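Peer 1: Here it is, the structure, as structure tokens.
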Amino acid sequence: MLQNFPGKQPEEKIIMVIRKHVIVYIRSVLIFMIAVVLPLLIFLIIWSHSFPLAESGPVSVIGYLGASLYLLYGLALLVISFLNDQFDLFILTDHRLLDITQVSLLNRTVAITPLNQIQDTTSDIHGILGTLLNYGTVDVQTAAGFASNFTIDTISDPGMIARAILNEAEKRKEAEMKYGAKKSEPDTDLL
């Protein structure tokens with residue numbers, strides 16, 4: 001589990017790291033199999049019957065080289081897709097909620113909201129597969145001062161996650177009311 005991240009305050013504790021459900025990775029592998037492996041196998045079967053390696057020489061080698069490059073390109077896209085999904089995460093600490101979104105391989109956005117600005121969370125599960133595997137979306141609504149909503153999609157047990165975020169927000173608000181609004185609030189501009 002993630003113990004540290006850039007900009008983490010010394011007194012800040014990580015409550016939960018929220019990642020995508022495993023179905024996202026299974027979906028990527030299935031798309032890879034259908035879009036890359038299946039057409040490649042069909043091509044290789046047809047190519048090997050039309051241009052046997054022993055008889056065709058350079059023509060056959062060029063076909064197999066092209067097939068190898070196609071497979072490598074497909075594998076590169078699969079790895080990039082995996083990394084984009086793996087690095088999409090939410091970090092719930094006892095002070096704030098961080099949304100780290102991997103937009104593309106070399107492009108990442110980070111959004112932060114203090115827990116005392118969270119007003120409501122809702123969870124949503126769609127479809128038969130979502131219901132059977134218990135994955136869905138959590139929407140986090142923040143106060144008008146920060147005027148942003150966070151959406152955490154394709155995560156395991158969205159109802160539990162929504163409750164956990166709201167419970168931590170309520171604990172933070174109670175602590176601030178009890179001890180004062182400015183006690184140990186981390187700087188949100190560090191990421």
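Peer 1: Considering (1) surrounded by 14 or more Cβ atoms within 10 Å (Cβ to Cβ); (2) over 29 Å from GLU170 (Cα atoms); (3) at pLDDT 90 or above, say which one GLY63 fails and leave the rest.
Peer 2: (3)
Peer 1: Of everything in the stretch 120-163 that's free of Cβ contacts under 8 Å to residues at least 24 places away in the same chain and β-branched (Val, Ile, Thr), which residue is nearest to THR109 (Cα to Cα)?
Peer 2: THR151
Peer 1: Let me ask something else about it. Of these, LEU106, LEU38, LEU97, which one is in the same structural domain as LEU129 (by TED's automatic domain parsing), loosely packed, with under 13 Cβ neighbours inside 10 Å and either in contact with a strand residue (DSSP E or B) (Cβ under 9 Å, 6 or more places away or on another chain) or under 29 Å from ASP153 (Cβ atoms) (or both)?
Peer 2: LEU106
Peer 1: Among the candidates PHE5, PHE43, single out the residue that is surrounded by 12 or more Cβ atoms within 10 Å (Cβ to Cβ) and closer than 30 Å to ILE165 by Cα.
Peer 2: The match here is PHE5.
Peer 1: How many residues, within the stretch 53-89, are in contact with a Ser or Thr (Cβ under 7 Å, 6 or more places away or on another chain) and over 30 Å from VAL24 (Cα atoms)?
Peer 2: Qualifying residue count for the region: 1.
Peer 1: Of the numbered conditions (1) charged (D, E, K, R); (2) buried (at least 16 other Cβ atoms within 10 Å of the Cβ); (3) at pLDDT 90 or above, ARG27 satisfies every one except a single condition; which is it?
Peer 2: (2)
Peer 1: Let me ask another. Determine whether THR121 is at pLDDT 90 or above, of a type in the set (S, T, N, Q), surrounded by 20 or more Cβ atoms within 10 Å (Cβ to Cβ) and outside any helix (DSSP H, G or I).
Peer 2: Spelling it out, THR121 is indeed at pLDDT 90 or above, of a type in the set (S, T, N, Q), surrounded by 20 or more Cβ atoms within 10 Å (Cβ to Cβ) and outside any helix (DSSP H, G or I).
The values are calculated or read from the model by the stated rules, or taken from the named source; none is laboratory data. These numbers come from a predicted model, not from an experiment. Heads up, the Cβs are rebuilt from the backbone with ideal geometry, glycines too, and the neighbour counts pull from every protein chain shown.
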